[in-house]
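The values are calculated or read from the model by the stated rules, or taken from the named source; none is laboratory data. Predicted model only: the values in this text are computed from it and were never measured. Cβ placement follows ideal geometry from the backbone for every residue including glycine, while neighbour counts extend to all protein chains displayed. Ligands, DNA and RNA are excluded from the accessible area calculation, which covers all protein heavy atoms including side chains. Shrake-Rupley method; radii C 1.70, N 1.55, O 1.52, S 1.80 Å.
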Amino acid sequence: MLIKRILTGIRPTGALHLGHYAGALKQWVLFQEEYECFFLIADIQALTTHVDRPTLIEKAVREVMLDWISVGLDPTKPNVHFVLQSNLPELAELTTYFTMLVPFSEIEKNPTIKAERAQSDSAPTTGFMIYPVSQAADILLFTPYPPQEKDELLVPVGEDQVPHLEGTNRIARRFNRRYERVFLECAPKVGKIGRLPGTDGQAKMSKSLGNVILLKDNPDTVEKLVMKMFTDEKKARKGDPGHPEKCPTYLYHQTFGDQKTLEGRASRCQSGRLGCVECKKDLVRVLNTFLDPIRARRKKAESAPLGKYLREGTEKAREIGQVTMKAVRQAMHLDYSSVFNEIDS
Ligand code: TRP
């Protein structure tokens, strides 16, 4: 039987924002119609940056689930599974084996690792340095097994994660060559929508920069944040010609507005007929219209059996993981059951 499987993950370090939605969640929701989906809450990977803040991670696991359900991920569907990384011991085992297949120099050259090291002023821990290997385990544990050419293991991620997926497939190829063919290579699925800029026009939304709109923000907060938002720098007042293609506010309109609110907006801005204040007031309405159903689903989810969803999803992941690990141990000659045939006396 053809297997079409999705595995993707997120580090639970806080509530999710509009950037997460535009860059990732919007796609994930659609995948639920077609794929067997495993959405991983990577709480161990979160320790690579938050080892001193365990309670923050613990709280964020719940937050992430609420955010996921609020945007329409549905763990009550039989093909949709929420998985908690720390409760899947098979991942730790597979990570250990994979570390032997990766020259350390390869990790040091990984551009994402390099960029993350450059941003941090503390010395990287061993756990941080090997997280690309543990991420390879996150993905390959879910290999369709035995792997068939037509099966799929799709990994929707942002651009920055591509080096990790290339590393993952190097591991899969090395393993298959050296031992036995256990793994299907994963297929990266990089979202088309670029990064949504922060409300201050900075390239990235990030909580530490204070330029994010959260999925759970209430209408008043959204209004405050939007009215402070940056627009085209060259447009100082209504009447000045604007450059919508360079304006973060317009980009938000494009991402969250419908045909009707977009129509003529660019040309009215360019001609100076549309002022930034009016444009932002429109955006407040657009965003709150977009967020209202999300808020409603979130409210309902607050009394849903989240722990049960997570247990069941993780249990399903373990079933698959145990099949993979059995094949891995056999291929690596770590399954000694056939070596010793003592008779119990
Ligand atoms: N590194 C990813 C991020 O920071 C999160 C992640 C953990 C992940 N395990 C994964 C993504 C497996 C895809 C597949 O966003």
>> Being of a type outside the set (Asp, Glu), within 12 Å of the ligand (Cβ to nearest atom) and touching a residue at least 12 places away in the same chain (Cβ under 8 Å) is the requirement here; does residue 88 meet it?
In response: yes
>> With the requirement that a residue be touching a Phe, Trp or Tyr at 6+ places or on another chain (Cβ under 9 Å) and either of a type in the set (A, V, I, L, M, F, W, C) or buried (at least 18 other Cβ atoms within 10 Å of the Cβ) (or both), what does region 266-290 give you?
In response: 266, 269, 279, 283, 286, 287, 290
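Which residue out of 101, 94, 47 is more than 23 Å from residue 4 (Cβ to Cβ), within 14 Å of the ligand (Cβ to nearest atom) and either at pLDDT 95 or above or buried (at least 23 other Cβ atoms within 10 Å of the Cβ) (or both)?
Among 101, 94, 47, only 47 is more than 23 Å from residue 4 (Cβ to Cβ), within 14 Å of the ligand (Cβ to nearest atom) and either at pLDDT 95 or above or buried (at least 23 other Cβ atoms within 10 Å of the Cβ) (or both).
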> Has region 190-205 got at least one residue that is within 13 Å of the ligand (Cβ to nearest atom) and without any contact (Cβ under 8 Å) to a residue 12 or more places away in the chain?
Replying inline: no
>> Looking only at region 123-150, count every residue that is closer than 14 Å to residue 112 by Cα, in contact (Cβ under 8 Å) with a residue 60 or more places away in the chain and touching a Phe, Trp or Tyr at 6+ places or on another chain (Cβ under 7 Å) and tell me the total.
In response: 0
>> Restricting to region 1-44, name every residue that is within 11 Å of the ligand (Cβ to nearest atom), of a type in the set (A, V, I, L, M) and open to solvent by less than 20 Å² (accessible area, probe 1.4 Å).
In response: 6, 7, 40, 41, 42
> Going by the conditions given, is residue 318 open to solvent by less than 90 Å² (accessible area, probe 1.4 Å), in contact (Cβ under 8 Å) with a residue 60 or more places away in the chain and among the basic types (Lys, Arg)?
Replying inline: yes
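What helices (runs of 4 or more DSSP H), lying completely within region 209-302, carry at least 2 residues that are basic (Lys, Arg)? Even if it seems obvious, please write down each step before you answer.
Numbers: elements: 219-227, 248-256, 259-262, 265-271, 276-301.
Output list reads 265-271, 276-301.
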> Of the residues that sit in region 104-143 and are among the β-branched types (Val, Ile, Thr) and open to solvent by 60 Å² or more (accessible area, probe 1.4 Å), which one is farthest from residue 170 (Cα to Cα)?
Replying inline: 125
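Every residue in region 171-189 that is within 16 Å of the ligand (Cβ to nearest atom) and either assigned to a loop (DSSP other than H, G, I, E, B) or open to solvent by 30 Å² or more (accessible area, probe 1.4 Å) (or both), please.
Filtering region 171-189 for residues within 16 Å of the ligand (Cβ to nearest atom) gives 171-172, 183-189.
Selection gives 183, 184, 185, 186, 187, 188, 189.
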> Any idea how many residues of region 50-66 are open to solvent by 80 Å² or more (accessible area, probe 1.4 Å), touching a residue at least 40 places away in the same chain (Cβ under 8 Å) and within 22 Å of residue 21 (Cβ to Cβ)?
Replying inline: 1
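Can you name the residue in region 321-345 that is outside any helix (DSSP H, G or I) and either hydroxyl-bearing (Ser, Thr, Tyr) or open to solvent by less than 40 Å² (accessible area, probe 1.4 Å) (or both) and is also nearest to residue 146 (Cα to Cα) among such residues? Let's see the steps before the verdict.
Step one: list which residues in region 321-345 are outside any helix (DSSP H, G or I), which gives 332-335, 339-345.
Okay, now just the ones that are also either hydroxyl-bearing (Ser, Thr, Tyr) or open to solvent by less than 40 Å² (accessible area, probe 1.4 Å) (or both), so 332, 345.
Working: 332: 16, 345: 37 Å.
This residue is 332.
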> Mind checking which residues of region 96-134 are part of a helix (DSSP H, G or I), among the hydroxyl-bearing types (Ser, Thr, Tyr) and over 20 Å from the mean Cα position of the chain (by Cα)?
Replying inline: 96, 97, 99, 105, 126
> What is the residue count in region 190-217 for residues that are open to solvent by less than 90 Å² (accessible area, probe 1.4 Å) and hydroxyl-bearing (Ser, Thr, Tyr)?
Replying inline: 2
> Tell me, which residue of region 150-170 that is open to solvent by less than 30 Å² (accessible area, probe 1.4 Å), part of a strand (DSSP E or B) and at pLDDT 95 or above is nearest to the ligand (Cβ to nearest atom)?
Replying inline: 155
